[in-house]
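To start, the structure under review is shown below, and the notes come after it.
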């Protein structure tokens with residue numbers, strides 16, 4: 001890894017945006033569980049977090065479903081690194097960069113930094129939340145199940161008992177990283193089209209939420225909603241592997257659009 005890439009990657013990962021994304025993301029994911037714990041202890045009696053938790057897979061599902069994390073996630077994904085291009089372009093610093101490296105290398109490094117930083121911005125809070133529930137909750141085995149959960153009627157039902165639910169948790173962590181990488185790069189695409197910091201930060205959320213609202217009104221296409229890519233435990237998801245393929249397609253489209261618009265922006269720099 002060359003020095004310029006190390007410096008840019010380090011500045012993206014150890015940034016204020018990353019800190020805000022991780023802290024805010026974890027706070028949102030844990031809000032319902034902590035609120036329930038506080039209310040119970042104040043109004044009913046002593047209750048430990050471990051005794052409150054049931055199956056950890058169900059707790060993870062509730063954390064996503066009840067707290068609104070999946071709605072705000074695109075904003076968290078773009079905070080660390082999506083403004084890299086518009087900052088370079090708007091400040092004129094890109095001239096200095098392109099004086100030292102060629103355009104293709106600049107493009108590759110920007111996409112790489114955005115992908116890693118955006119992926120970690122979503123992965124880290126989801127990982128910490130998952131570990132908290134896995135430590136305090138029970139594994140997803142038949143003996144521990146008292147009632148049906150949100151997974152029983154989905155395509156994930158057949159794999160929910162692998163490693164006590166750990167296999168699904170692993171898949172969700174991979175999806176979390178992919179989600180962050182995809183929407184961070186969508187932010188890059190927006191920045192190449194409209195090199196403005198505020199449009200870059202809000203544009204991906206507008207695209208994300210608008211696309212969901214449009215598809216929500218067409219039930220036959222609801223499986224294409226990006227809202228189902230973080231925790232795709234819905235009855236209309238075609239298969240376990242669909243959200244992975246879907247995000248790979250989105251990532252590929254992002255790379256193409258960013259490259260095309262970046263070329264147009266810097267051809268006369």
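The values are calculated or read from the model by the stated rules, or taken from the named source; none is laboratory data. As the structure is a prediction and not an experimental result, all values here were calculated from the model. So basically every Cβ, Gly included, is an ideal-geometry build from the backbone, and we count neighbours across all protein chains shown.
So, residue 188, is that one surrounded by fewer than 20 Cβ atoms within 10 Å (Cβ to Cβ) and over 20 Å from residue 242 (Cα atoms) or not? Walk me through it before giving the result.
Working: surrounded by fewer than 20 Cβ atoms within 10 Å (Cβ to Cβ): no; over 20 Å from residue 242 (Cα atoms): yes.
Here the answer is no, as residue 188 does not meet what is asked.
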Q: Just need a number here: residues in segment 219-236 that are at pLDDT 85 or above, over 20 Å from residue 129 (Cβ atoms) and not in a helix (DSSP H, G or I).
A: 1
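To keep it simple, each residue is scored yes or no on (1) more than 25 Å from the chain's Cα centre (by Cα); (2) at negative phi; (3) assigned to a loop (DSSP other than H, G, I, E, B); (4) surrounded by fewer than 14 Cβ atoms within 10 Å (Cβ to Cβ).
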| position | (1), (2), (3), (4) |
| --- | --- |
| 42 | yes, yes, no, yes |
| 46 | yes, yes, yes, yes |
| 50 | yes, yes, no, yes |
| 62 | no, yes, no, no |
| 65 | no, yes, no, no |
| 72 | no, yes, no, no |
| 77 | no, yes, no, no |
(Q) Please count how many residues of segment 36-64 are at pLDDT below 85 and touching a strand residue (DSSP E or B) at 6+ places or on another chain (Cβ under 7 Å). (A) 2
**Q.** Test result for residue 153, in a loop (DSSP other than H, G, I, E, B) and at pLDDT below 90
**A.** yes
Q) Among the listed residues 188, 171, which satisfies the condition of being in contact (Cβ under 8 Å) with a residue 24 or more places away in the chain, within 23 Å of residue 141 (Cβ to Cβ) and not in a loop (DSSP other than H, G, I, E, B)? A) 171
Q: Only residues that are surrounded by 15 or more Cβ atoms within 10 Å (Cβ to Cβ) and closer than 25 Å to residue 108 by Cβ: list them for segment 12-40, please.
A: 12, 13, 15, 17, 18, 21
Q: Identify, from the list 205, 209, 179, the residue that is over 27 Å from residue 265 (Cα atoms), in a helix (DSSP H, G or I) and under 19 Å from the mean Cα position of the chain (by Cα).
A: 209
Q.
If I ask for residues that are without any contact (Cβ under 8 Å) to a residue 12 or more places away in the chain and more than 24 Å from residue 168 (Cβ to Cβ), which ones from segment 28-78 would you list?
A. 35, 38, 39, 41, 42, 43, 44, 45, 46, 47, 48
**Q.** Where residue 164 falls short, out of the listed (1) assigned to a helix (DSSP H, G or I); (2) surrounded by fewer than 17 Cβ atoms within 10 Å (Cβ to Cβ); (3) without any contact (Cβ under 8 Å) to a residue 40 or more places away in the chain
**A.** (2)
Q. Has segment 89-102 got at least one residue that is assigned to a helix (DSSP H, G or I), surrounded by 15 or more Cβ atoms within 10 Å (Cβ to Cβ) and in contact with a strand residue (DSSP E or B) (Cβ under 7 Å, 6 or more places away or on another chain)?
A. no
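Rundown of residues vs (1) assigned to a helix (DSSP H, G or I); (2) touching a residue at least 60 places away in the same chain (Cβ under 8 Å); (3) in contact with a helix residue (DSSP H, G or I) (Cβ under 6 Å, 6 or more places away or on another chain), yes/no style:
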site: 11; (1), (2), (3): yes, no, no
site: 20; (1), (2), (3): yes, no, no
site: 80; (1), (2), (3): no, yes, yes
site: 87; (1), (2), (3): yes, yes, no
site: 109; (1), (2), (3): yes, yes, yes
